[in-house]
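Novice: My questions all concern the structure below.
Every number here is computed from the coordinates shown, using simple stated rules; none is lab data. Note that the structure is predicted; figures quoted are calculated from it, not measured. Counting neighbours? That spans all protein chains shown, and the Cβs are built from the backbone with ideal geometry, glycine included.
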There are 2 protein chains.
Amino acid sequence: MIRVHHLNNSRSQRVLWLLEETGTPYEVVRYERDKKTMLAPKALRRVHPLGKSPIVEDDGKTFAETGLIVDYLVERFATDLAPARDSELYWRYKYWLHYAEGSLMPPLLLKLVVDRLGLLAYPARPFVKSQLKLHLDFLESELSDAPWFLGERFSAAGDGQRLLEPRETTPTPVISNRPATLAPALVCEMSNVATPPPMGAKPT
Amino acid sequence: MIRVHHLNNSRSQRVLWLLEETGTPYEVVRYERDKKTMLAPKALRRVHPLGKSPIVEDDGKTFAETGLIVDYLVERFATDLAPARDSELYWRYKYWLHYAEGSLMPPLLLKLVVDRLGLLAYPARPFVKSQLKLHLDFLESELSDAPWFLGERFSAAGDGQRLLEPRETTPTPVISNRPATLAPALVCEMSNVATPPPMGAKPT
């Protein structure tokens, strides 16, 4: 059975969502961030040398990197959550898969560090703010004409990640002001489709 | 013909390397970072809304995200630079493809910002330093028993990126102290294999 090494407030929420969405049985091993440093516990390094989450074990193999894990799980358990390789949408699907980690995540990490530095990081704030605005405007524009990242087609590439946002945190004004980015999450919330699991859930 | 929108000191060097390595004809459109802010010029936003580099045009389509571009170019022009989909090495190849952007790039960006903040970012330095050490130790350990990221097999996933390093900059002590990480680059330098093109090269 698939085993997810899950760290609170980490990208592994996206993996849990995908497993729930596809009804794939799995078990969860929980790890908690250090409350002061917010770093992952060293125990995670026994599973993978970088000690980051998510890490997934399946069929005797260990997988790290969120993008790769989504790719792997879709290929193995949920081929209907990705367009066929010869489809027009295939490279667009791949784009969003890479975008989430390659482009959107770095400014989010930067914001985390800059926020923790407080006033000291004052000179870096305009840069961080402009980068986040750039990405949020881009997402809003991409989503304003269609419900999902691939238009009418729901997929694992970006939609799952977005669905989790409002359950994790109260939407911040920066998100609330972008209705297209927020909308599918609210739909999900109301219709109870693709409900993310409670953290640490055992397979049903 | 493939068109690469190339920004100096950006990840598009990896794309140029891949095109040179595979002998694929291409043309380059050059962009220069603002010398003061180090940001990309707004002209890049006319090619893709995020205005980041690399961006590649091929066959009437526009591709962004380094990981996706490598994936696309390999699939289209250089299938021998990736293991077959049913091979044991396939997911390992995918791992390095996602790792470069998903895990290695964020602390490098963080270092850039923290270095520019100078003394102000002093409290963040131990975190950034420990993250970079974690990744460099990991790379050194992964490469210490074999010449390439997939063992004996050269691939597009991580090896190309590594080859460029010593041509771009004089290796810093942090790299020089890790001989396995550096070694293939030196081999490349001496044997003139996989020579990266001069920036802005026209197709030969």
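Novice: Can you tally the net charge around B:A78? Count Lys and Arg as +1, Asp and Glu as -1, for every other residue whose Cβ sits under 14 Å from the Cβ of B:A78. Let's see the in-between values first.
Specialist: Numbers: positive: B:R14, B:R76, B:R153; negative: B:E20, B:E21, B:D58, B:D71, B:E75, B:D80, B:D159.
Here the count lands on -4.
Novice: Is there a simple number for the mean count of other chain Cβ atoms within 10 Å of the Cβ of residues in A:97-108, and what is it?
Specialist: What the average comes to for A:97-108 is 6.
Novice: Right, here's the next one. Determine the gain in length on full extension of the stretch B:R46-B:K61; use 0.36 nm per residue of separation and subtract their C-alpha separation, reporting nm with one decimal. Could the numbers behind the result be given before it?
Specialist: Numbers: separation 15, 0.36 × 15 = 5.40 nm, distance 1.41 nm.
The B:R46-B:K61 span can extend by a further 4.0 nm.
Novice: Let me ask something else. Run the quick spin-label model on B:L112 and B:E88: label points 7 Å from Cα toward the beta carbon, then report their separation in nm to one decimal.
Specialist: Placing both labels 7 Å beyond Cα along the Cβ direction yields 3.8 nm.
Novice: For A:K129, which lysines qualify as cross-link partners when the Cα separation must be under 20 Å and same-chain residues fewer than eight apart are set aside?
Specialist: Within the straight-line limit of under 20 Å, A:K129 reaches these lysines: A:K111, B:K36, B:K42, B:K52, B:K111.
Novice: Go through segment B:44-51 residue by residue and turn each phi into a ³J(HN,Hα) via Karplus (6.51, -1.76, 1.60, θ = phi - 60°); whole Hz please, and just put x for glycine and proline.
Specialist: These are the phi-based 3J(HN,Hα) values: 5, 6, 6, 8, 8, x, 7, x Hz.
Novice: Could you give, in nm with one decimal, how far A:S87 is from each other copy of that position, shortest first, with labels 7 Å out from Cα toward Cβ?
Specialist: 2.7
Novice: If the chain between B:D34 and B:S141 were fully stretched, how many nm would it gain, using 0.36 nm times the residue separation less the Cα-Cα distance?
Specialist: Answer, rounded to one decimal: 34.8 nm.
Novice: Would you mind classifying segment B:2-81 by shape? Square roots of the alpha carbon gyration tensor eigenvalues, ordered a ≥ b ≥ c; an a/c under 1.5 is rounded, otherwise it is prolate if a/b is larger than b/c and oblate if not.
Specialist: Numbers: a/c = 2.22, a/b = 1.78, b/c = 1.25.
Here segment B:2-81 falls in the prolate category.
Novice: Each residue of segment A:99-111 in turn: what ³J(HN,Hα) in whole Hz from Karplus with 6.51, -1.76, 1.60 and θ = phi - 60°, glycine and Pro shown as x?
Specialist: Result, ordered by residue: 4, 3, 8, x, 10, 7, 5, x, x, 5, 5, 4, 4 Hz.
Novice: Amide H to amide H under 5 Å from A:E27: which residues, 5+ apart in sequence or cross-chain, H placed 1.01 Å off N in plane?
Specialist: Residues meeting the criterion, in which the H sits 1.01 Å from N, are A:I2, A:R3, A:V4.
Novice: Run the reach check for B:K61 against lysines, Cα to Cα strictly under 16 Å, same-chain hits fewer than 8 apart removed. What comes back?
Specialist: Here the lysines satisfying the reach criterion relative to B:K61 are A:K94.
Novice: From the label point of B:M1, set 7 Å along Cα to the beta carbon, how far off in nm is each other copy's matching point, shortest first?
Specialist: Label-point separations across copies, in nm and ascending: 5.8.
Novice: For segment A:38-103 and segment B:1-57, write down the distance between their C-alpha centroids in whole Å.
Specialist: Cα centroid of segment A:38-103 versus Cα centroid of segment B:1-57: 27 Å apart.
Novice: Within the set of other residues whose C-beta is less than 11 Å from the C-beta of A:Y93, count the net charge using Lys and Arg as +1 and Asp and Glu as -1.
Specialist: Working: positive: A:R85, A:R92, A:K94, A:R153; negative: A:D71, A:E88, A:D159.
Residues near A:Y93 contribute +1 overall.
Novice: Separate question: Which of the peptides A:91-97, A:120-126, A:36-42 is most tightly packed, and how do the rest follow, judged by the mean count of other Cβ atoms within 10 Å per residue? Spell out each step's value before the answer.
Specialist: On the way: A:91-97: 22.4, A:120-126: 15.6, A:36-42: 11.6.
In descending order of packing, they fall as A:91-97, A:120-126, A:36-42.
Novice: What does the charge add up to near B:E65, with Lys and Arg as +1, Asp and Glu as -1, over the other residues with Cβ less than 12 Å from its Cβ? Working shown, then result.
Specialist: Values: positive: A:R92, A:K94, B:R11, B:R14, B:K52; negative: A:E101, B:D71, B:E101.
So the surrounding residues net to +2.
Novice: To one decimal in nm, how far is A:N177 from the same spot in the other copies, if labels go 7 Å from Cα toward Cβ? Please give the shortest first.
Specialist: Label point to label point, same position, other copies: 4.5 nm.
Novice: By per-residue mean of other Cβ atoms within 10 Å, what is the highest-first order of A:138-151, A:62-75, A:7-20? Could you put the intermediate results ahead of the total?
Specialist: Values: A:138-151: 16.6, A:62-75: 22.4, A:7-20: 20.8.
In decreasing order of mean packing, A:138-151, A:62-75, A:7-20 become A:62-75, A:7-20, A:138-151.
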